[in-house]
1. Rank by packing, highest mean first: peptides 205-211, 256-262, with packing defined as the count of other Cβ atoms within 10 Å averaged across residues.
2. Between residue 203 and residue 190, what is the label-to-label distance in nm when each label sits 7 Å out along the Cα-to-Cβ direction?
3. Sequence gap at least 6, Cα distance under 8 Å: using those rules, report the relative contact order of the chain to the nearest whole percent.
4. Expressed as cubic angstrom per residue, what is the convex hull volume of the alpha carbon set of the chain?
5. So, counting K/R as plus one and D/E as minus one, what does the shell of residues with Cβ under 15 Å around residue 172 add up to?
6. In deg cm²/dmol, rounded to 500, what helix-only [θ] at 222 nm does the chain give when every DSSP H run of at least 4 residues adds -39500 (n - 2.57) and the total is split over its residues?
7. What are the ³J(HN,Hα) couplings of region 171-188, residue after residue, when phi is run through the Karplus curve with 6.51, -1.76, 1.60 and θ = phi - 60°? Round to Hz, x for glycine and proline.
8. In nm, what is the difference between 0.36 nm times the number of residues separating residue 267 and residue 142 and their Cα-Cα distance?
Amino acid sequence: MKRMDYYIHNETRRASGRLPMRIMAGHLLSMEGFGLADVKPFKTYEEQLSILKRRGMIIEDEEYALKVLKSENYYRLSGYWLTMLVRAENDSEEDRFYLGTTFDNLMDLYEFDADLRSVVFDAVRIVETNIKSFVAYCHAEKYGPLGYLDSKNFNNAKFHSATLDILKKDVAINKNEAVIKHHIYNKGGNVPIWAIVDFMTFDQISRLYKNMLPQDKRYIAKYYYGIPNREYIENWIQCAVVARNIAAHSARFYNRHSYKPGVRLPDEYKIYANTFFGYVYAIYNLLPLESRDRFIEELDSCIKAHSYVKLEYLHLPNNWMEILRK
């Protein structure tokens, strides 16, 4: 069995390839101006394979390569092989693969990114659990178990109201969960913050933290993370949410040109603000001390296990482990 067979699990992208259409004032907008002439024509799987071969990729097992193209999407794979191309000198010529580039090289990068997503996802899961616990404990200690329902305990009342609307929907969706049923039938429907956080997404808890009163955010930042500046924690958590979404939706880390939002970093590392390393820095500093070395070791092992990986396409400095451990 080919090693990539394990990874072929139809990570299908949602993109349909259809151009957006908008109906305004009862009129259907013309498709003119959308650059249809620039859209490449449809290619069969066999034609896609021929293009790779024509450009110089060595494909020893064509049946296997076709299987991968069918399950993983030609365009999705192109994000990885772009790092293997020698750019043509003019528009009349095609980009060519570096001499000796094989389909197995491509799969090595693809497998690497899948492994990398797992490492990042596992780390971010710890970060998410931690911030939920910290927010629930600190807010309940200061304002009581239902203090999160009072807009006075938050910075922006309008945003707080919108958050509560979302939480009400979450409670309704999860009404058959034991903890929710218990509070509906035995506590008048009042769910304490330490229970409600488990039904919040990472993005929701990130936004809840961001809307807490400045002094409360500052306390969590300093007491739990050892960072006196709450704005760093706000930003790092937001970046961790983005990293989590990339990993969860099988998007690409390798050869990703820019990450948004940018990460708040010390001055000497600001050039990495919109890079994978910047996001690694944020996640690392949000992890509890006992989890940080493991995160570094798993990242390092992941990179070393795939010989075709180049740090430059992750924007990782050569001394990235040393920088994190400072």
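1. 205-211, 256-262
2. Output for this residue pair reads 3.2 nm.
3. Working: 319 pairs, mean separation 56.2, N = 326.
17 percent.
4. Values: hull volume 69.5 nm³, N = 326.
Per-residue hull volume (Cα only) is 213 Å³.
5. Details: positive: 168, 169, 175, 181; negative: 165, 170, 177.
Once positives and negatives cancel, what remains is +1.
6. Details: 13 runs with 172 residues, N = 326.
Value at 222 nm, helices only, nearest 500: -17000 deg cm²/dmol.
7. Each residue of region 171-188 in turn: 5, 4, 5, 9, 4, 8, 5, 3, 5, 6, 4, 4, 6, 6, 8, 10, 10, x Hz.
8. Values: separation 125, 0.36 × 125 = 45.00 nm, distance 3.51 nm.
41.5 nm is the gain from fully extending residue 267 to residue 142.
Rule-based calculations on the coordinates, nothing more; no lab input. The shown structure was predicted, so the numbers you read here are calculated from the model rather than taken from an experiment. Here Cβ is always computed from backbone atoms with ideal geometry, including for glycine, and neighbour counts include all displayed protein chains.
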